[in-house]
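The structure appears right after this line, and notes come after that.
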Amino acid sequence: MTKPAFFQVAIDGPASAGKSTIAKILASNLHYVYVDTGAMYRAITVAAKKAGLSYEDEAGIKALLPKTSIEFKPGTPVQRVFLNGEEVTEEIRSTEITNNVSLVSSYAAVRSDMVDKQRKMTEENPVIMDGRDIGTTVLPDAQVKIFLVASVSERAERRYKENKEKGMTVDLETLKKEIEARDYKDSHREISPLTKASDAIEVDTTGVSIEEVVNTIQDLISKQQ
Ligand code: DC
């Protein structure tokens, strides 16, 4: 194991386990760069849509990669995401993109391009990176690896509340089914599926406040610094 030049925290886990909420707070408290890798896979899914490609068109999507730039810019309450210079912060969270991102992110060329981009982001700053394969594949030498989980019911309820705040009403049962479908696809794909790294610490957020989860992880980080 080679110690990275800058400190790395990897947070993985299934959809809506609280990864980005927790990672954002930790990054702000510790002054680390936050990298939301799910947003990157969502952005390439939007790129396919904008190019008029079918999400099934693996070769077409592969051909888009060299022409695609994805950038993050600071923003509140969420980081802003730009695809080829155009803001897609809201579009990447639409239901259509959410329901197709697992397929697009299963393509080998997409994964290797995203992993290269993600590793580059660790070269000059300490990072907190969240996703599905950070501890297993992207940053195998990260000093701290967390695997965040929560029950499906609680995750569906969190998504329900988020949607309601945005004025969207999707019933709880549908959300539960969508989350389960995404969990299944993310954990069963061929290349770097969602799985807990052998040296990751599992943190269950079911019924636990955001503050408590942040404190638990912050303690784990300070022990490694
Ligand atoms: O974290 P999220 O829900 O925004 O992620 C969207 C999708 O992107 C997720 O369903 C699978 C994919 N993803 C991935 O394959 N690998 C990652 N490191 C992050 C996300």
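Quick note: the coordinates plus some simple rules give every number you see, no bench work behind them. Please read these numbers as outputs of a predicted model, since none were measured by experiment. Backbone-built Cβ (ideal geometry, glycine too); neighbour counts: all protein chains shown.
Quick notes on this one:
- Cα pair distances exceeding 29 angstrom across the chain, given as percent: 22
- Each other residue within a Cβ distance under 15 Å of residue 48 adds +1 if Lys or Arg and -1 if Asp or Glu, for a net charge of -1.
- Using only side-chain charges placed at the Cβ, +1 for Lys and Arg and -1 for Asp and Glu, the dipole size of the chain relative to its Cα centre rounds to 280 debye.
- Per-pair calculated FRET efficiency, R0 = 30 Å: residue 30 and residue 90 via Cβ, rounded to 0.05: 0.60
- The chain - share of DSSP beta bridges that are antiparallel (%, nearest 5): 25
- Listed cross-link partners 185/223; 120/176; 166/196; 19/120; 67/196 are compared with a 25 Å cut-off, the Cα-Cα value being larger for 185/223; 120/176; 166/196; 67/196.
- Relative compactness, region 106-182, computed as alpha-carbon Rg over 2.2 N^0.38 Å: 1.41
- Under a model in which nothing but the beta-carbon of Lys, Arg (+1) and Asp, Glu (-1) is charged, region 186-225 shows a dipole of about 120 debye around its Cα centre.
- By the helix-only formula, in which each DSSP H run with n ≥ 4 contributes -39500 (n - 2.57) and the sum is divided by residues, the chain has a 222 nm mean residue ellipticity of -14500 deg cm²/dmol.
- Taking each residue as 0.36 nm, the span from residue 57 to residue 188 lengthens on full extension beyond its C-alpha to C-alpha distance by 45.2 nm.
- Here is the list for region 17-99: GluC sites (Glu not before Pro) lying in DSSP coil, each with at most 16 other C-beta atoms within 10 angstrom of its C-beta, are 56, 90.
- Label point of residue 116 set 7 angstrom out along Cα-Cβ; within region 70-86, amide nitrogens under 19 Å from it belong to 70-72, 83-85.
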